[in-house]
1. Under a point-charge model restricted to the Cβ atoms of Lys and Arg (+1) and Asp and Glu (-1), what is the dipole moment magnitude of the chain relative to its Cα centre, in debye to the nearest 20?
2. Once every Cα of the range 1-55 carries one equal point scatterer and solvent is ignored, give the base-10 log of I(q)/I(0) from the Debye formula at q = 0.19, 0.24 Å⁻¹, two decimals.
3. What is the magnitude of the charge dipole of the range 198-294 about its Cα centre, with +1 placed on the Cβ of each Lys and Arg, -1 on the Cβ of each Asp and Glu, and no other charges, expressed in debye to the nearest 20?
4. In whole Å, what are the extents of the range 68-131 along the principal axes defined by its C-alpha atoms, from largest to smallest?
5. Within straight cross-link reach of Lys16, meaning Cα distance under 28 Å, which lysines are found once same-chain residues fewer than 8 apart are removed?
6. Can you compute the charge dipole magnitude of the range 114-217 about its Cα centre, using +1 on each Lys and Arg Cβ and -1 on each Asp and Glu Cβ, nothing else charged? Give it in debye, rounded to the nearest 20.
7. Mind listing the long-range amide H neighbours of Leu266? Cut-off is under 5 Å, sequence gap 5 or more, other chains count too, H placed in the peptide plane at 1.01 Å from N.
8. Mean residue ellipticity at 222 nm from the helices of the chain, using -39,500 (n - 2.57) per DSSP H segment of n ≥ 4 over the full residue count, to the nearest 500 deg cm²/dmol?
Amino acid sequence: MLQQTVVATVIPYYAKFLAAYPRIEDLAAAPVEEVLGMWAGLGYYARARNLHACAKAVAALGGFPTTVEGLRALPGIGPYTANAIGAIAFGRAVLPVDGNIERVAARVFAIREAIPAGKAVIAAAAQGFMSDAAARAAPGDFAQALFDLGATVCTPRSPDCGGCPWRGGCAAAKLGIAAELPARAKRPERPRRTGQAFVLLDEGDDVLLIRRPDKGLLGGMLALPEAPPVAADWRDAGDIQHVFTHFALTLAVRAARVPALPACCLRGPAATAPLPSVMRKALDAGRAALDDCE
C-alpha cells in the first residue's frame, strides 16, 4: 500500500484491510472484486490485483518462498519488494533500494547522472554497501537504518550533513553538492485527456455503476458509465479534474435522477460506494448538481 502512497493516507486502509483479511489464506479466498473495493481511493489499482494474485500463489505454495529468486516469481513482486522481504523477513544479504537509499547512495558516491536515466547506476552503487560485513550480518536492520537515514538526515532538501554518521565518507558532502543530488531531469508536461461521466441516481440515492475491464486504467474497479446508460433528463454538473501519474484528466459530468434504476444494472449507495477517487469526485459533483435543482 505504501508504494506511491503516503503513510497518513494508508493507515486507515491498512487497518481495515488487516481486519478483513487477517491471514494470507483469507485474502486468497476473497473475490477480487471485494479486494478492489477495499482498495478504492488508494489509487494504483494494479497493486490490489497483484496482491490478491500473490496471496493465491502463496496460499497454494503453503507459505512464502525464502529466497529472493522465489519471491521474484510471485505475482506483483519486483526487485525492490523481493529484496525488502528477503532482507527484512529472511535475512538475505541484499539491499532494497527505495527513494531514500537512492538519495543516500547518490550523495555518498557523488553520482551526477540525472534520474531517471541514472537510476540503474545509483542502484548498482548502492548494492556496494552490502560488501560491509556488518551490513551482511544484519541486512534487515541495515536496510531499515538506511531508510531512516534518508528520511530523517539525508533528506531531499537541506540535508543535515553535520549530523550524518556517514559524513566522513560522503563524496558529495566533501564537494559541497549534497543538496544538489540526486540530479533530476526536467519532467515533460503531463498530457491532458478529456472524457465524460454519467451519474444516474434513483429515488433511494443508489447510483448506477459499471465494472471497468481488468486491463487498463482503473482495471477491475467500479466506475461511472462514460455514455448515457438510459434516456433521461441529463443535467450539466460541471467538470472535475484529476491527475494520474502520466496524464491529467478532465471529466465532463452529467447527472440525472430516475424513479428506479434498470433492474439488471450494477448499483451501489451513492454515499458509500467503493469508487476510485476520480469517480468519487464525479459522483459528488453529480449529486451536488441534482441537489441544487431539487
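1. Using only the charged Cβ atoms, the result is roughly 1120 debye.
2. -0.60, -0.97
3. Working: 10 positive and 13 negative charges, 95 e Å.
Roughly 460 debye for the range 198-294.
4. If we take the Cα atoms of the range 68-131, the spans are 34, 24, 15 Å.
5. Those lysines meeting the cut-off are Lys56, Lys215, Lys281.
6. On the way: 14 positive and 11 negative charges, 154 e Å.
Dipole size: approximately 740 debye.
7. For Leu266, whose amide H was placed from the backbone, the distant partners under 5 Å are Leu209.
8. Values: 12 runs with 121 residues, N = 294.
Dividing the helical sum by the residues of the chain leaves -12000 deg cm²/dmol.
No value in this document is a laboratory result; all are computed from the given coordinates. Owing to the predicted nature of the structure, the values given are computational and were not obtained by experimental measurement. Note that we place each Cβ from the backbone using ideal geometry, even for glycine, and neighbour counts take in every protein chain shown.
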